[in-house]
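Engineer: Here's a structure for you.
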Amino acid sequence: MNSGDTAWVLVSAALVLLMTPGLAFFYGGMVRSRGVLNMLMMSLGSIGVVGVLWVLFGYSAAFGTDIGSLGLLGNPAEFFGLSQVLGEDAVSGTIPTLAFAGFQAMFAILTVALISGAIADRARFGPWLLFAGLWATLVYFPVAHWVFAFDTKDEAGNVTAVGGWIANRLAAIDFAGGTAVHINAGAAALALVLVLGKRKGWPKEPGKPHNLPFVVLGAGLLWFGWFGFNSGSALAANATAAVVLVNTLVATSAAMLGWLLIERIRDGHATTLGAASGIVAGLVAITPACSSVTPLGAIAIGAITGAVCALAVSLKYRFGYDDSLDVVGVHLVGGLMGTLLVGLFASAAAPAGVAGLFYGGGLDQLWRQAVGAAAVLVYSFVLSLVIALVVKLVVGFRLSEQDEVEGIDETEHAETAYHFGDGRPSYRSPVRTDEVERRLEGSNA
Amino acid sequence: MKLVTAIVQPSKLDDLKEALGRLGVLGMTVSEAQGYGRQKGHKEVYRGAEYSVDFIEKLRVEVLVEDSTVDKVVDGIVTATRTGKVGDGKVWVTAVESVVRVRTGDTGVEAL
């Protein structure tokens, strides 16, 4: 066990957890004021549901012993409850197994929360939590196994424990989750909007963002946390982590510029929402690629993806699906771009040591990337469609039209975010203040 | 006596206040208002999608003045708040039958 590596992974885990409340602000600022709390709550709900499921059986399903050595799923019962890995001797590489399990828990939480941006203002909260739990179980845990579970080998190089098929058999590069996190969440978002349908009034009255400073705050927290997300995925405080950190900085910077350039040309103005969106698009794109490209390659990937995502967010108007906050346009498209561009920009000089098409590696890595991306896209889309339809049929998924018009914060959570004036006391309030005063009279309180 | 009502750009309030101060106007009432004129509102762009904002933030300024100074006051407001761009606002004058100062009971010009 190495204490430096352990410290870095534990800190990274905390950084990645911060991304989910950060995402809540990023999304929350983009909706109308009457729906901001529900937007925040869908992210918080993901932390609750997925955090618990991960400890119960999620970690085991993703990183337990492969069932049947097919590379499809770990044994969910093997580490049920994680009590098997509490001891000093439970190590994964140079860090405690539990540090790795905790770090990976944050990935599962964030991935589920990402989906929620597509269904702003119209999903009932309980069914969302049900969807979150089912989706994590049936989609995220297996896909995490495909992408993140590496074979265990003995000193002679023989495989002693089989890992996921994408990471090992296909050998597609996905350093921190372009496929497992972003394509996965983006495809699920597309399936979910097809099942739930459009918001009332969309696209005629889409509702403009109610708080752009929140959006920038959220994007900042995401970027900060993303250094843990990507750089922590080195699982060590080493040179790889440093390369990844610099690539995560520079690709994101370039993506912001790429997005703003498209806006300036197309709409006449470089906007705040565009800058924040470009940041997220760049972070998404560099996630799979951050260990396999040089900083110059990272700039190229960021700039290209920033521009492409700025154009891709208008696809929903062309095809008529109400992806409220552009989860498809940013995460699915951004994830696909990053994953595929590895096949072009990968450099043997980078830690992953693989050369892409532009660096003399031919088409070999590109087809591997494409197969990995397509497999996750199709699996996630189909399963998400089925899960969403089941939730819809069994408990109902969508808010009533009346509740949607009144505002989801009030009807689902009995709260509103912003209070103008003091408000009136409610006669339905279970405890009247005059009763409290009467009770306190004569007591010592 | 006349009531001068002006709908102006919020950014022009300080200029307006200064101009009326120079003309000897002693008080004014300012309220926030929203509205549009012939040009309608403006367009905002979020992720490439255009949103039209019809009701624009304005200020409504109301001033009670003597008949003899009303032209100068109107002229002062117009000069102080003009930018030359669409949306500069409007000023109109209405007749006032009576005015009472609440604290003292003064009426008419005394009450201004």
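The values are calculated or read from the model by the stated rules, or taken from the named source; none is laboratory data. What you see is a predicted model; the values in this text were computed from it and never measured. Here the Cβ positions follow ideal geometry from the backbone for every residue, glycine too, while neighbour counts run over all protein chains shown. Side chains included, ligands, DNA and RNA excluded: accessible areas come from the protein's heavy atoms. Shrake-Rupley method; radii C 1.70, N 1.55, O 1.52, S 1.80 Å.
Engineer: Residues to consider are A:Ser292, A:Ser277, A:Ser324; find the one that is within 14 Å of chain B (Cβ to nearest Cβ), surrounded by 20 or more Cβ atoms within 10 Å (Cβ to Cβ), in contact (Cβ under 8 Å) with a residue 60 or more places away in the chain and among the polar types (S, T, N, Q).
Structural biologist: Working: A:Ser292 fails: within 14 Å of chain B (Cβ to nearest Cβ); A:Ser277 fails: in contact (Cβ under 8 Å) with a residue 60 or more places away in the chain.
Step by step, each of A:Ser292, A:Ser277, A:Ser324 is checked, and only A:Ser324 is within 14 Å of chain B (Cβ to nearest Cβ), surrounded by 20 or more Cβ atoms within 10 Å (Cβ to Cβ), in contact (Cβ under 8 Å) with a residue 60 or more places away in the chain and among the polar types (S, T, N, Q).
Engineer: Name the single residue, out of those in the stretch A:295-309 being within 14 Å of chain B (Cβ to nearest Cβ) and of a type in the set (A, V, I, L, M), that is surrounded by the fewest Cβ atoms within 10 Å (Cβ to Cβ). Spell out the reasoning first.
Structural biologist: Narrowing the stretch A:295-309 to residues within 14 Å of chain B (Cβ to nearest Cβ): A:306-309.
So of that shortlist, the ones also of a type in the set (A, V, I, L, M) come out as A:307-308.
Values: A:Ala307: 23, A:Val308: 20.
The selected residue is A:Val308.
Engineer: Further, regarding this structure: Taking the stretch A:249-274 as the search range and keeping residues that are within 12 Å of chain B (Cβ to nearest Cβ) and open to solvent by less than 10 Å² (accessible area, probe 1.4 Å), which one is farthest from A:Leu311 (Cα to Cα)?
Structural biologist: A:Leu273
Engineer: Output the qualifying pairs, or none if there are none: Cβ atoms under 8 angstrom, residues six or more apart or on different chains, first residue in the stretch A:212-239 and over 11 Å from A:Leu23 (Cβ atoms), second residue part of a helix (DSSP H, G or I) and acidic (Asp, Glu).
Structural biologist: Pairs found: A:Leu235/A:Asp5; A:Ala236/A:Asp5; A:Ala237/A:Asp5; A:Asn238/A:Asp5.
Engineer: Taking A:Val55, is it of a type in the set (A, V, I, L, M, F, W, C), open to solvent by less than 70 Å² (accessible area, probe 1.4 Å) and in contact (Cβ under 8 Å) with a residue 40 or more places away in the chain? Show your work before the answer.
Structural biologist: Values: of a type in the set (A, V, I, L, M, F, W, C): yes; open to solvent by less than 70 Å² (accessible area, probe 1.4 Å): yes; in contact (Cβ under 8 Å) with a residue 40 or more places away in the chain: yes.
In short, yes.
Engineer: Going by the conditions given, is A:Val50 under 19 Å from A:His145 (Cβ atoms) and without any contact (Cβ under 8 Å) to a residue 40 or more places away in the chain? Working first, answer last.
Structural biologist: Values: under 19 Å from A:His145 (Cβ atoms): yes; without any contact (Cβ under 8 Å) to a residue 40 or more places away in the chain: no.
Against the criterion (under 19 Å from A:His145 (Cβ atoms) and without any contact (Cβ under 8 Å) to a residue 40 or more places away in the chain), A:Val50 does not qualify.
Engineer: Looking at this structure, is A:Lys200 open to solvent by 10 Å² or more (accessible area, probe 1.4 Å), away from every other protein chain (no Cβ under 14 Å) and charged (D, E, K, R)? Show your work before the answer.
Structural biologist: On the way: open to solvent by 10 Å² or more (accessible area, probe 1.4 Å): yes; away from every other protein chain (no Cβ under 14 Å): yes; charged (D, E, K, R): yes.
Criteria met by A:Lys200.
Engineer: Evaluate the following for A:Val246: is it open to solvent by 10 Å² or more (accessible area, probe 1.4 Å), assigned to a helix (DSSP H, G or I) and hydrophobic (A, V, I, L, M, F, W, C)? So that I can check it myself, show each step before the final result.
Structural biologist: Numbers: open to solvent by 10 Å² or more (accessible area, probe 1.4 Å): yes; assigned to a helix (DSSP H, G or I): yes; hydrophobic (A, V, I, L, M, F, W, C): yes.
In short, yes.
Engineer: Would you check which residues across the stretch B:61-109 are acidic (Asp, Glu), over 19 Å from B:Val30 (Cβ atoms) and open to solvent by less than 70 Å² (accessible area, probe 1.4 Å) and list them? Step through it out loud before you land on a result.
Structural biologist: Restricting attention to the stretch B:61-109, the residues satisfying the condition of being acidic (Asp, Glu) are B:62, B:66-67, B:71, B:75, B:88, B:97, B:106.
Pick out the ones that are also over 19 Å from B:Val30 (Cβ atoms) and you get B:66-67, B:71, B:75, B:97, B:106.
Hit for the stretch B:61-109 is B:Asp106, nothing else.
Engineer: Let me ask something else. Among (1) under 28 Å from A:Leu221 (Cβ atoms); (2) open to solvent by 50 Å² or more (accessible area, probe 1.4 Å), there is one condition A:Val91 misses while meeting the rest; what is its number?
Structural biologist: Status for A:Val91: all satisfied but (1).
Engineer: Pick out the one residue from A:Glu205, A:Glu155 that is open to solvent by 10 Å² or more (accessible area, probe 1.4 Å), at pLDDT below 95 and either farther than 30 Å from A:Gly356 by Cα or within 14 Å of another protein chain (Cβ to nearest Cβ) (or both).
Structural biologist: Numbers: A:Glu155 fails: either farther than 30 Å from A:Gly356 by Cα or within 14 Å of another protein chain (Cβ to nearest Cβ) (or both).
Checking each option against the conditions leaves just A:Glu205.
Engineer: Still on this structure, I have one more. I'd like the residue in the stretch A:265-291 that is part of a helix (DSSP H, G or I) and among the polar types (S, T, N, Q) and, out of all such residues, is farthest from A:Val354 (Cα to Cα). First the steps, then the outcome.
Structural biologist: First pass over the stretch A:265-291, keeping only residues part of a helix (DSSP H, G or I): A:265-267, A:272-289.
Narrowing further to those that are among the polar types (S, T, N, Q): A:272, A:277, A:287.
On the way: A:Thr272: 37, A:Ser277: 30, A:Thr287: 16 Å.
Ranking the qualifying residues of the stretch A:265-291, first place goes to A:Thr272.
Engineer: Could you count how many residues in the stretch A:338-369 are part of a helix (DSSP H, G or I) and open to solvent by 40 Å² or more (accessible area, probe 1.4 Å)? Walk me through it before giving the result.
Structural biologist: Residues of the stretch A:338-369 that are part of a helix (DSSP H, G or I), as a first pass: A:338-345, A:357-359, A:364-369.
Those still in the list that are open to solvent by 40 Å² or more (accessible area, probe 1.4 Å) too: A:340, A:357-359, A:364, A:366-368.
Final tally of qualifying residues: 8.
Engineer: Hand me the list of strands (runs of 3 or more DSSP E) wholly inside the stretch B:18-79 holding 2 or more residues that are in contact (Cβ under 8 Å) with a residue 60 or more places away in the chain and away from every other protein chain (no Cβ under 14 Å).
Structural biologist: Working: elements: B:29-35, B:42-46, B:49-53, B:56-65.
Those strands (runs of 3 or more DSSP E) span B:56-65.
Engineer: So, of the residues in the stretch A:292-326 that are hydrophobic (A, V, I, L, M, F, W, C) and part of a loop (DSSP other than H, G, I, E, B), which turns out to be farthest from A:Ala275 (Cα to Cα)? If you could, list the steps in order and put the result at the bottom.
Structural biologist: At the first step, the residues of the stretch A:292-326 found to be hydrophobic (A, V, I, L, M, F, W, C) are A:293, A:296, A:298-301, A:303-304, A:307-313, A:315, A:319, A:325.
Next, from what is left, pick out any that are part of a loop (DSSP other than H, G, I, E, B): A:293, A:313, A:325.
Details: A:Val293: 24, A:Val313: 14, A:Leu325: 15 Å.
Taking the candidates together, the pick is A:Val293.
Engineer: Taking the stretch A:171-205 on its own, how many of its residues are in contact (Cβ under 8 Å) with a residue 12 or more places away in the chain and out of contact with any helix residue (DSSP H, G or I) (no Cβ under 9 Å at 6 or more places or on another chain)? Even if it seems obvious, please write down each step before you answer.
Structural biologist: Start the filter on the stretch A:171-205 by keeping residues that are in contact (Cβ under 8 Å) with a residue 12 or more places away in the chain, which leaves A:171-200, A:202-203.
From what's left, out of contact with any helix residue (DSSP H, G or I) (no Cβ under 9 Å at 6 or more places or on another chain): A:197-198, A:202.
Of the residues in that region, 3 qualify.
Engineer: Take residues that are under 23 Å from the mean Cα position of the chain (by Cα), farther than 18 Å from A:Val143 by Cα and at pLDDT 95 or above and tell me which of the helices (runs of 4 or more DSSP H) falling wholly in the stretch A:29-121 contain 1 or more. Give the steps one after another, and end with the answer.
Structural biologist: Details: elements: A:36-53, A:59-63, A:97-115.
Helices (runs of 4 or more DSSP H) meeting the threshold: A:36-53, A:97-115.
Engineer: Do we have A:Gly329 as under 24 Å from A:Ala144 (Cα atoms), at pLDDT 95 or above and within 14 Å of chain B (Cβ to nearest Cβ) here? So that I can check it myself, show each step before the final result.
Structural biologist: Numbers: under 24 Å from A:Ala144 (Cα atoms): yes; at pLDDT 95 or above: yes; within 14 Å of chain B (Cβ to nearest Cβ): yes.
Answer is yes for this residue.
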